[in-house]
Amino acid sequence: MVAPDPVDARLLAMLAEMGRAAVHELAARLGMDPREAATRLITLSGSGLPLLVGVECDPNGIRKALANSVAWGNYGGPAQGQAVRGTPSGPYPPAPGTVRGTPSGAYRQGPPSGPFPAQPQPVPEPMSTWGPPQSAGWARGDQAAAPKPRTGKIGSTLETEGLEGARFTIQLVEVVDPADFLFTAAGYKLAGGERAVVVHTELSNTGPVPFNALPDMYLVLMTNTGETVTKAPVSLSSRPPHKIGVQPGETAGGHTVYVLPENTAITSIRWSARPETDLNTLVWTVDD
């Protein structure tokens, strides 16, 4: 068997320590994208290691969801309780949490078991020159609320929304550049011509809907050449990483690590809820 690369080695070491875990929990411990962790674990499982990547669910709940799929409308929800374990040792209850867009082998939580009655479609209210009721356009044009800023500088707190309706603010607290001393103090090594950067952000959930993703999943560095630098799959003991999920009314902070060419200049830091940018994307400019 070919020796695993350093990322696989850290993944296996953490899995051996935990024994068994949902993919998203394992990935969060290492500051990794759950999709990458799942892909690596599936590959390692096929290499002969005593590793099982499996799926667990509530059979009755799944059957009910399928039976009511017509009423619910084109059932496409993920199976409940998909988890990754080491050597199996009996039933393992699924852990809470939701990971979107993960490949097979990653933990997902599906819709609740039980009937899904058809929901009546609301009849749209007639439009008027005052705008739709209960919207910002309901007020006069000169009284409409100003749009929330989506750009700022280091230290700024910006407001946005998630994919599932969660409302929250993100503060870019600090950028440590270079952060080579933090990187090497955690036991990692930089190749020649590389440097490390650490970004500290805090997410505050200001709405009633839970934020169920990893806050820095798509937090990237923008360079002076127009390229993006994604997070490195490492975490620092002195600078704890983000964890998945922030409940309404809570604030959670974390540190994201990047490795990039030594002479590459960072012009801004961008946050998005998905890989591509959209109207809810946030950007903080970095002064020289």
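Sort the following peptides by mean Cβ neighbour count (other Cβ atoms within 10 Å, averaged over residues), highest first: 31-44, 189-202.
Working: 31-44: 21.4, 189-202: 16.0.
Ranking, from highest mean packing down: 31-44, 189-202.
Taking the protein heavy atoms of the stretch 221-288 in the context of the full set of protein chains, the accessible area attributed to carbon and sulfur is 48 percent at 1.4 Å. Cβ-Cβ distance of Q247 and E17, R₀ of 22 Å, FRET efficiency by 1/(1 + (r/R0)^6): the value works out to about 0.25. Could you give the distance between the Cα centres of the stretch 1-69 and the stretch 213-257, to the whole Å? Centre-to-centre distance over Cα atoms comes out at 21 Å.
The values are calculated or read from the model by the stated rules, or taken from the named source; none is laboratory data. Predicted model only: the values in this text are computed from it and were never measured. Because the Cβ atoms are built from the backbone with ideal geometry, glycine has one as well, and the counts that use them run over all protein chains shown. Heavy atoms of the whole protein, side chains included, go into the accessibility calculation; ligands, DNA and RNA do not. Shrake-Rupley method; radii C 1.70, N 1.55, O 1.52, S 1.80 Å.
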